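Asks: Right, I'll just put the structure down here and ask away after.
The values are calculated or read from the model by the stated rules, or taken from the named source; none is laboratory data. Since we're looking at a predicted model, the values are computed, not measured. With ideal geometry, Cβ positions are generated from the backbone for all residues, glycine too; neighbour counts draw on all protein chains shown.
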Amino acid sequence: MLSRDQLRQLIHLEYSEVDTLDLLGQLTPERITPALFTDALACMQETAVPLALPSVPVMDCCGTGGSGLPHFNTSTTVAFMLAAAGIPVVKFGNRGFSSASGSFDLLAQLGFSERIHLDRIPEALAQCGLVFLFAPQCYPQLAGFNQLRRTLKTRTLFNFLGPLLNPVKPAYQLLGVSHPGMQQRMADYLINAGTCERGWIVHAESGLDELDIHGNTHVFQLEQNTFTEITIFPSDFLSDSPSKNGHREPHQTEHHPAENLKIFTRLLHGDDDQSPYYDTVCLNAGAGLLIAQKAPTLEEGIQEAKQILKSKKAWQTLEQCRRVYEQLACP
């Protein structure tokens, strides 16, 4: 497999387009060794641009993407909910490549600029509790891979590097993984890095890179530089939910950003407490609240998440973020 120098050449696009596509196609989860994964992260981190770090511990909630299953922007919605609960959130993300559902595809629909002044991250966080970092702004080398990844239309090594590249090094992480073989690898990396105080690395049996309301989810639960493995059974928390009775599952229908915007708006307006999307974001936000120690149990976290939507606190957070982003957006 590739040496660190070869990975550095790949990341700097020193191979031909044909060879680059071939290498990316070969770097499947089954062939990504622990050493290669660590080397690739180190090579990419060498390309990071400087930014101002927040002075408080922050949370990130994101997924690798690449499940091949159409889905709603769960983690982006959850980010607004967690910020509304008083958790400082710095969400690292990108546009979609193997789907139309990247976090910045939805944010564009909401009128957010992709780029803010990176030296004003602490200011933005203090004013609205939530910052979105556009991956190619923080790592300009990533921009050169955008079209290549769209050409491949499948998950690549970059799907699994992405959630671990957040340059503010979050203390709390809810990280979804679309391939079970990469779940422990990513957990091991976080433990060795020593920057994550508490985290859940989750993979649903359905293949989704988030906690799933329609099937069990395997979780690597990180705390104090070690992990334990648990399984989340949705029937334990959602047995009486209206969405269990005949509604379509979120991942059964492809959604483009405009459709996701409608779903997102209904949720944050408090107009939807019946759909699978509602249960999904409440389950995932409940986990985030537990990870950040804002809820003592997952059950109580889910109840708190429901109150956040009902009270429209997440929508208020969105409106505040829009005002702040208008001031901090790059021209």
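Asks: Do you know which of the residues in region 94-109 that are modelled with pLDDT of 90 or more and buried (at least 17 other Cβ atoms within 10 Å of the Cβ) is farthest from the chain's Cα centre (by Cα)? Before the answer, list the steps.
Replies: First, the residues of region 94-109 that are modelled with pLDDT of 90 or more: 94, 103-109.
Narrowing the set further to residues that are buried (at least 17 other Cβ atoms within 10 Å of the Cβ) leaves 94, 103-107, 109.
Details: ASN94: 9, SER103: 8, PHE104: 11, ASP105: 13, LEU106: 13, LEU107: 13, GLN109: 18 Å.
Among residues in region 94-109 that are modelled with pLDDT of 90 or more and buried (at least 17 other Cβ atoms within 10 Å of the Cβ), the one farthest from the chain's Cα centre (by Cα) is GLN109.
Asks: Residues of region 31-40 being touching a residue at least 60 places away in the same chain (Cβ under 8 Å) and either surrounded by fewer than 18 Cβ atoms within 10 Å (Cβ to Cβ) or among the hydroxyl-bearing types (Ser, Thr, Tyr) (or both), which ones? It would help to see each step written out before you state the result.
Replies: Filtering region 31-40 down to residues touching a residue at least 60 places away in the same chain (Cβ under 8 Å) leaves 32, 34, 37-38, 40.
Passing the criteria: PRO34, THR38.
Asks: State all residues of region 41-58 that are surrounded by 15 or more Cβ atoms within 10 Å (Cβ to Cβ) and out of contact with any Phe, Trp or Tyr (no Cβ under 9 Å at 6 or more places or on another chain); if no residue qualifies, say none.
Replies: Result: CYS43, LEU51, ALA52, PRO54.
Asks: Right, something else. Quick one: how many residues across region 167-211 are in contact with a His (Cβ under 8 Å, 6 or more places away or on another chain), touching a residue at least 60 places away in the same chain (Cβ under 8 Å) and surrounded by 24 or more Cβ atoms within 10 Å (Cβ to Cβ)?
Replies: 7
Asks: Then there's this: Of the conditions (1) surrounded by 16 or more Cβ atoms within 10 Å (Cβ to Cβ); (2) of a type in the set (Gly, Ala, Ser); (3) without any contact (Cβ under 8 Å) to a residue 40 or more places away in the chain, GLY63 fails just one. Which one is it?
Replies: Failing condition for GLY63: (3).
Asks: Please go through region 28-73 and pick out each residue that is on the phi > 0 side of the Ramachandran plot and in contact with a helix residue (DSSP H, G or I) (Cβ under 9 Å, 6 or more places away or on another chain). Write out each step before concluding.
Replies: Here is the first cut: in region 28-73, the residues on the phi > 0 side of the Ramachandran plot are 65-66, 68.
Listed by number, the residues that qualify are GLY65, GLY66.
Asks: Assuming LEU23 fulfils every condition listed in (1) at pLDDT 95 or above; (2) surrounded by 14 or more Cβ atoms within 10 Å (Cβ to Cβ) apart from one, which condition is it?
Replies: All conditions pass for LEU23, except number (1).
Asks: While we're looking at this one, here's another question. Scan PHE145, PHE158 and give me the residue that is over 20 Å from VAL324 (Cβ atoms) and buried (at least 23 other Cβ atoms within 10 Å of the Cβ). Walk me through how you get there before you give the answer.
Replies: On the way: PHE145 fails: buried (at least 23 other Cβ atoms within 10 Å of the Cβ).
None of the other options fit; the residue is PHE158.
Asks: Taking region 220-238 only, how many residues are acidic (Asp, Glu) and more than 20 Å from the chain's Cα centre (by Cα)? Explain how you work it out, then say what you get.
Replies: The first filter runs over region 220-238 and keeps only residues acidic (Asp, Glu), leaving 223, 229, 236.
Subsequent filtering for residues that are more than 20 Å from the chain's Cα centre (by Cα) retains 229, 236.
Total satisfying the criteria: 2.
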